[in-house]
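Since the structure comes first, as structure tokens, the remarks are kept for the end.
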Amino acid sequence: MPDPTDLRLQFDLAGGSLMDVGCYSLHSQRMICNLITGGEPTVLSTEVNAAKNDIDTKLNVQLQYPNGVKAYAKGDFESPAFDAPLTITGTKGSVHVPNCVVSGWDDRVVITVNATARTEHLGTLSTYTHQLMAFADAVDLGKPFKTDAQDAFKQMQLIDAAYVNAGLPVRPVFKI
């Protein structure tokens, strides 16, 4: 849990576990599931632990995609250890990424089909290196980014919907 004076626990600075660590879980799901399901999810339910200042220290979100697929995401400052897995389960098997946020710590992808598992390794380049490579490709080669302002807007709409469902106020808007 961050120190109480940490900016991630300050409401006026848009703090909260979903805004910090939870945004990765929501975004990775949206990036994958939107391709499979054909659209953006809606928030079905939430479970929240919140401080007096409307800061979520833990926020679990259940989502539903347009084709009925359900997904779960969480932001958790209360966990004793860093934990950022991603698991996708289908009718024939699953794909499990033990750490979908910090690839340099664990680059495994475990694919299970019809009860037979195999492990692939994606490499241990940091996520920052991947971001820098994408930026360089955009500048040097004119390649588009995989995420853009419209994607960021949709991400914040989903985060706001989760806060409203949890009975918490949406984070403040900053004007530049």
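The values are calculated or read from the model by the stated rules, or taken from the named source; none is laboratory data. From a predicted model like this one, the values you see are computed outputs, not experimental measurements. Counting neighbours? That spans all protein chains shown, and the Cβs are built from the backbone with ideal geometry, glycine included.
Below, the figures for the structure above:
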{"item": "Within the stretch 18-60, tally of residues that are more than 11 Å from the chain's Cα centre (by Cα) and small (Gly, Ala, Ser)", "result": "5"}
{"item": "Failed condition for residue 90, given (1) at pLDDT 90 or above; (2) of a type outside the set (S, T, N, Q); (3) out of contact with any Ser or Thr (no Cβ under 7 Å at 6 or more places or on another chain)", "result": "(1)"}
{"item": "Among residues of the stretch 57-98, those that are closer than 13 Å to residue 32 by Cβ, out of contact with any strand residue (DSSP E or B) (no Cβ under 6 Å at 6 or more places or on another chain) and in the same structural domain as residue 116 (by TED's automatic domain parsing), counted", "result": "2"}
{"item": "Which numbered condition residue 64 fails, given (1) surrounded by 14 or more Cβ atoms within 10 Å (Cβ to Cβ); (2) without any contact (Cβ under 8 Å) to a residue 60 or more places away in the chain; (3) more than 14 Å from residue 165 (Cβ to Cβ)", "result": "(3)"}
{"item": "Residues satisfying the stated conditions in the stretch 87-111, i.e. over 22 Å from residue 23 (Cβ atoms) and polar (S, T, N, Q)", "result": "89, 91, 94"}
{"item": "Residues located in the stretch 35-78, provided they are part of a loop (DSSP other than H, G, I, E, B) and small (Gly, Ala, Ser)", "result": "38, 39, 51, 68"}
